[in-house]
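Let me begin by presenting the structure, written as C-alpha cells, before commenting on it.
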Amino acid sequence: MSIEVRIPTILRPFTKDQTAVAADGASLSALITNLDSQFPGIGDRLLENGALRRFINIYINDEDVRFLGGLDAQIIDGDSVTILPAVAGG
Amino acid sequence: MSLIISRAFVDAIVEQSRTEYPDECCGVILGPVGSGKASRLKAMVNAAHSPTFYEFDPKDLLALYREVDEQDEEIVVIYHSHTETEAYPSRTDIAYAGEPGAHYVLVSSRKEIAPAIEFRSYRIIDGVVTEEEVSITD
C-alpha cells in the first residue's frame, strides 16, 4: 500500500524539499511511524507526548483526522494525506 | 527584504480589523507562485473569535491550500490584527509561524493610537523575527 502524503513547506527540510512523498500504514499512527523511519525527525514535528500536535492539521482526503479518530484513523489504498501547519497566533 | 503592497490592500486590512473589532481579524494575500507579489487579498474567518487569538478554521485552511495549488499561487502575506497591543509578533505568533516564505503582517488597532493605525511586516523563521520595510504603492 502506498499513500501519497503532501508535505508543507516547513517540513520539507526533512523530505529533501519533496512536496509529496509516499508512505505506508493502515492507520494514521502507523503512517507517521513509517514517515519517521523514512525521514527521521519528522514524527516529532507531528506528535507531542504521543498525541497529535495541536497546531498541526492532518487531513485524510478532505477530512480533518480529528473527526476520524485521530491517530486511530483508518487509511486505505488510494487515500491521500495532507499535512498543514495551523495558521494561528495571538 | 521588504514588503511591497498596494494602498487598497492596506486599507482593506485596516477596515477589516475595525469591522471585526474587538476580535482579531486575519487573512492572506496570494500571488503567482515564485513571484512574491501580493496580488489577491483573501480575508479569512477567525475561527477562534477572540480578541487575543486567531486561527484559520482547519477546513478553510485545507480549502485555501487547494485553491492556491489549483491557481498556481503561493501565500505571500499572512496578516492578523492585534486589538490591544502593538503590531509586533506575540510569543504565540512566533511559536506557530509555519510559513517561512511568507510576510507576516501585523496591524494594531489599539485605542491609545486611534485613529492612527500601525501596519508592520515581519519574517518569522525558526523562531527568529525580522522586521522588514513596508512599501505602499498607489
At most 13 other Cβ within 10 Å, DSSP loop - trypsin sites (Lys or Arg not before Pro), the stretch B:20-54: none
If packing is taken as the average number of other Cβ atoms within 10 Å across a peptide's residues, how do A:39-50, B:94-105 rank, most packed first? B:94-105, A:39-50
Relative to the present Cα-Cα distance, how much length would full extension add between B:Asp60 and B:Val129 at 0.36 nm per residue of separation? 22.2 nm
Cut-off under 16 Å on the C-alpha distance; same-chain residues fewer than 8 positions from B:Lys42 excluded. Which lysines are left, in chain and number order? B:Lys59
Residue-averaged beta-carbon neighbours from other chains (10 angstrom radius) around A:55-68: 3
Give, as a single signed number, the net charge of other residues whose beta carbon lies under 11 Å from the beta carbon of A:Gly89, with Lys and Arg counted +1 and Asp and Glu -1. -2
Given an 8 Å cut-off on Cα distances and at least 6 residues of separation, report the relative contact order of chain A as a percent. 35
3J(HN,Hα) from dihedral phi, the stretch B:85-99, Karplus parametrisation 6.51/-1.76/1.60, rounded to Hz, x for glycine, proline: 10, 5, 7, 10, x, 7, 4, 5, 4, 6, 5, 9, 4, x, 10
Most mobile of A:Ser80, A:Ser27, A:Ser37 per a Gaussian network model of chain A (Cα springs, under 10 Å)? A:Ser37
Over all residues in B:96-106, what is the mean tally of Cβ atoms on other chains that come within 10 Å of each residue's Cβ? 4
In whole angstrom, how far apart do the alpha carbon centroids of the stretch A:24-90 and the stretch B:95-136 sit? 30
Per the helix-only model, chain B has a calculated mean residue ellipticity at 222 nm (DSSP H runs of ≥4, -39500 (n - 2.57) each, divided over all residues, rounded to the nearest 500) of -7000 deg cm²/dmol
With θ set to phi - 60°, apply the Karplus curve 6.51 cos²θ - 1.76 cosθ + 1.60 along the stretch A:54-70 and write out the HN-Hα couplings as whole Hz, x wherever there is a Gly or Pro. 4, 9, 10, 9, 10, 10, 9, 6, 9, 10, 5, 5, 4, 9, 10, x, x
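Readers should treat all values here as calculations from the given coordinates under stated rules, not as data from a laboratory. On a predicted model such as this, the values are computed, not experimentally measured, just so you know. Cβ atoms come from the backbone with ideal geometry, glycine included; neighbour counts cover every protein chain shown.
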